[in-house]
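Structure first, then comments.
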């Protein structure tokens, strides 16, 4: 039986006799629960000693966990790693601390020949994952080193037990042999934890390997992530040049991997890792220049990673791998996510993503139009963020649970979302928050909103949801609280995803807690004492018609009051104004339905869309989904007012009465209307309502989040 091997060495693993780990090696066998620790002179692969002799040291099993190996030291206490149940909001995921330079430096040590077969290793920098985290197996590309996730080790290590496949440079295991090797590991993992999914991340060649394993194991719960899979190798743009490689003299081979590095990836994108592009141009160019200067000389090391004989062997292996995987696509039942680069000069990855999407039963696609073939080693993608944004992370079941499987955003994700993606909108809107204390006093900031949940924020949905971004960011920045917003179910359907195949703001909304509106999801949020965001007017308010700005359009029945009372939740009504200072609605639903072709598209889209309040009467039931025509304005400012918190704890029996619940419901609605009326009046007193005035103030006095406003 094969054994899973965890190599623990800092900063990375060592897999050869010339560069030996000065530490224990943990071998977890399927036949027993014991752990075997080997001396630094010994490495075990699949139960057999490759270098040196095995020493038995009588340790208890540590239960795995990303290369964290327990050791027994005489007269010293053993310190246990802390295993967390959940991640903290804005946790440090470590993304951006590694680069392609680290890949090349570590690979230089790992490729030294040791005569061993393919093997698994656990990068020590992955750290200790959450309790009950699923296993993630990385299957490398043509290089075979297994370090293709080096930029993502730390973020992934927070939520997965990460293991990487290393195929030695001079190993000649045929493709079917590699398939069986990975398959055996997958089956062992499934046998030990049958209720947990197993993730296969396949990069290029590894994508063929992942699909082959998935096709042979349809009954195992697999989640397959493919980064520019080599299933399209037969249509590669480089096919005419492959025969030339065979005839190339050995003396000139050193230049081939160097040239291939420019074909496979974008050196500038690789060098942009860790560079904050939102700084002034001068320091950005200086840091980029420094990174390129350090990176380019190291690319010559690729000739050692892929020598001539190995390169020719890998090309034959790619051909057989693509044929094998393509012939078995019909048997793949796993959940598949394809990541496709728009500037892949080696494979037609964008076309291949569409082919796989139509060929596989359960396949989704995300495009990265500015990246090359080595997608996972380039700037512009955090694999953990993609996994969160596509809702494929699961720990406990075969279906993603929007509450129990949710991972909060990290600090790097927050910085990316609010500085890069939404930075311009934040600068233009310059949101201001007000809240109401228990004594009724209105103060600047969010002091009036309770810190302890469950809390239900209930308000008016501005045009296109413009108010969402500032609200979520301010709760994170000021109170370190993740507000979970319930959204229209259509945002989470495959039909909607097909319209947004690039990783975009739609996915980022999910990263920051959005989930489909439903009684069960609201129940779960309140039962876990979360801060939930609810818009009773829903899409009808967010996609309102001309002349309806700031008109509260809610259903007649109190949908949320009794559920809030059941959990003793605090209800905080709030109003937000500013949509009329950001854009003007020029084409609403009625206008668009008068335009031929456009009206047919809207009818078809709504016929396929999820129905939230089907069968209801009144204005709120008329939730037609469409994209309104907007005309941007010279930006004004966004204002928020959170009303006095309304306690429901201890009032469950009283609010079970329909009349009492309806009275409270009407009170909340009135508070929302009052808050907006107050803000519309008071904003006239703000000397910095206009963007020009704010820009001048920022230039002289303070950053954007400190620009003054009216006194409440």
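Inspection of region 509-521 finds a residue satisfying the criterion of being free of Cβ contacts under 8 Å to residues at least 12 places away in the same chain and surrounded by fewer than 17 Cβ atoms within 10 Å (Cβ to Cβ). Whether a residue is assigned by TED's automatic domain parsing to the domain that holds residue 457, touching a helix residue (DSSP H, G or I) at 6+ places or on another chain (Cβ under 7 Å) and more than 20 Å from residue 518 (Cα to Cα) was assessed, and residue 650 does not pass this test.
Please tell me if residue 410 is over 16 Å from the mean Cα position of the chain (by Cα) and either at pLDDT 95 or above or outside the structural domain of residue 189 (by TED's automatic domain parsing) (or both). Don't jump to the end; show me each part of the working.
Details: over 16 Å from the mean Cα position of the chain (by Cα): no; either at pLDDT 95 or above or outside the structural domain of residue 189 (by TED's automatic domain parsing) (or both): yes.
It is false that residue 410 is over 16 Å from the mean Cα position of the chain (by Cα) and either at pLDDT 95 or above or outside the structural domain of residue 189 (by TED's automatic domain parsing) (or both).
Within region 444-461, not a single residue is at pLDDT 95 or above, touching a strand residue (DSSP E or B) at 6+ places or on another chain (Cβ under 6 Å) and closer than 30 Å to residue 341 by Cβ. Among the residues of region 681-699, the ones that are surrounded by 15 or more Cβ atoms within 10 Å (Cβ to Cβ), part of a helix (DSSP H, G or I) and over 35 Å from the mean Cα position of the chain (by Cα) come to 3 in all. Every listed requirement among (1) in contact with a strand residue (DSSP E or B) (Cβ under 8 Å, 6 or more places away or on another chain); (2) surrounded by 15 or more Cβ atoms within 10 Å (Cβ to Cβ); (3) not in a loop (DSSP other than H, G, I, E, B) is met by residue 620 save one, (1).
Do we find that residue 433 is in contact (Cβ under 8 Å) with a residue 24 or more places away in the chain and part of a strand (DSSP E or B) in this structure? Yes.
Does residue 453 qualify as being in a loop (DSSP other than H, G, I, E, B) and farther than 30 Å from residue 683 by Cα?
Numbers: in a loop (DSSP other than H, G, I, E, B): yes; farther than 30 Å from residue 683 by Cα: yes.
Against the criterion (in a loop (DSSP other than H, G, I, E, B) and farther than 30 Å from residue 683 by Cα), residue 453 qualifies.
Looking at (1) at pLDDT 95 or above; (2) surrounded by 17 or more Cβ atoms within 10 Å (Cβ to Cβ); (3) more than 26 Å from the chain's Cα centre (by Cα), which is the only condition residue 180 fails? Residue 180 satisfies every listed condition except (2).
Matching residues to (1) more than 30 Å from residue 404 (Cα to Cα); (2) surrounded by fewer than 16 Cβ atoms within 10 Å (Cβ to Cβ); (3) modelled with pLDDT of 90 or more:
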residue	(1), (2), (3)
75	yes, yes, no
83	no, yes, no
89	no, no, yes
113	yes, yes, no
128	no, no, yes
141	yes, no, yes
145	yes, no, yes
167	yes, no, yes
172	yes, yes, yes
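Here the condition is being on the phi > 0 side of the Ramachandran plot and within 21 Å of the chain's Cα centre (by Cα); of 513, 470, 485, it holds for 513 alone. In region 579-606, of all residues being under 30 Å from residue 428 (Cα atoms) and under 32 Å from the mean Cα position of the chain (by Cα), the one that is surrounded by the fewest Cβ atoms within 10 Å (Cβ to Cβ) corresponds to 583. Taking (1) free of Cβ contacts under 8 Å to residues at least 40 places away in the same chain; (2) farther than 23 Å from residue 419 by Cβ; (3) assigned to a helix (DSSP H, G or I) in turn, residue 675 satisfies each apart from (1). All but one of (1) touching a strand residue (DSSP E or B) at 6+ places or on another chain (Cβ under 9 Å); (2) modelled with pLDDT of 90 or more; (3) buried (at least 21 other Cβ atoms within 10 Å of the Cβ) hold for residue 429, so report the exception by its number. That leaves (1) as the condition not met. Among residues of region 183-194 that are over 11 Å from residue 222 (Cα atoms) and assigned by TED's automatic domain parsing to the domain that holds residue 119, those with a beta-carbon under 9 Å from a residue that is modelled with pLDDT of 95 or more and part of a helix (DSSP H, G or I) at least six positions away or on a different chain give the pairs 183/212; 183/213; 183/216. Taking region 555-573 as the range and being touching a helix residue (DSSP H, G or I) at 6+ places or on another chain (Cβ under 6 Å) and closer than 22 Å to residue 679 by Cα as the test, the residues that pass are 571, 573. Kindly check whether there is at least one residue in region 558-567 that is assigned by TED's automatic domain parsing to the domain that holds residue 526, within 26 Å of residue 690 (Cβ to Cβ) and either surrounded by fewer than 21 Cβ atoms within 10 Å (Cβ to Cβ) or within 31 Å of the chain's Cα centre (by Cα) (or both). No, region 558-567 contains no residue that is assigned by TED's automatic domain parsing to the domain that holds residue 526, within 26 Å of residue 690 (Cβ to Cβ) and either surrounded by fewer than 21 Cβ atoms within 10 Å (Cβ to Cβ) or within 31 Å of the chain's Cα centre (by Cα) (or both).
The residues in region 351-392 that are more than 14 Å from the chain's Cα centre (by Cα), part of a helix (DSSP H, G or I) and surrounded by fewer than 21 Cβ atoms within 10 Å (Cβ to Cβ) can be counted, and the count is 6.
If you check 606, 590, 662, which single one turns out to be in the same structural domain as residue 472 (by TED's automatic domain parsing), assigned to a helix (DSSP H, G or I) and touching a residue at least 12 places away in the same chain (Cβ under 8 Å)?
662
Of all the residues in region 512-540, those that are in a loop (DSSP other than H, G, I, E, B), touching a helix residue (DSSP H, G or I) at 6+ places or on another chain (Cβ under 8 Å) and farther than 18 Å from residue 464 by Cα number 1. If I ask for residues that are over 30 Å from residue 132 (Cβ atoms) and part of a loop (DSSP other than H, G, I, E, B), which ones from region 87-115 would you list? Selection gives 99, 111, 112, 113, 114, 115.
The values are calculated or read from the model by the stated rules, or taken from the named source; none is laboratory data. In this text, all values refer to a predicted model and were calculated from it rather than measured experimentally. Cβ coordinates were reconstructed from backbone atoms using ideal geometry, including for glycine residues, and neighbour counts include every protein chain displayed.
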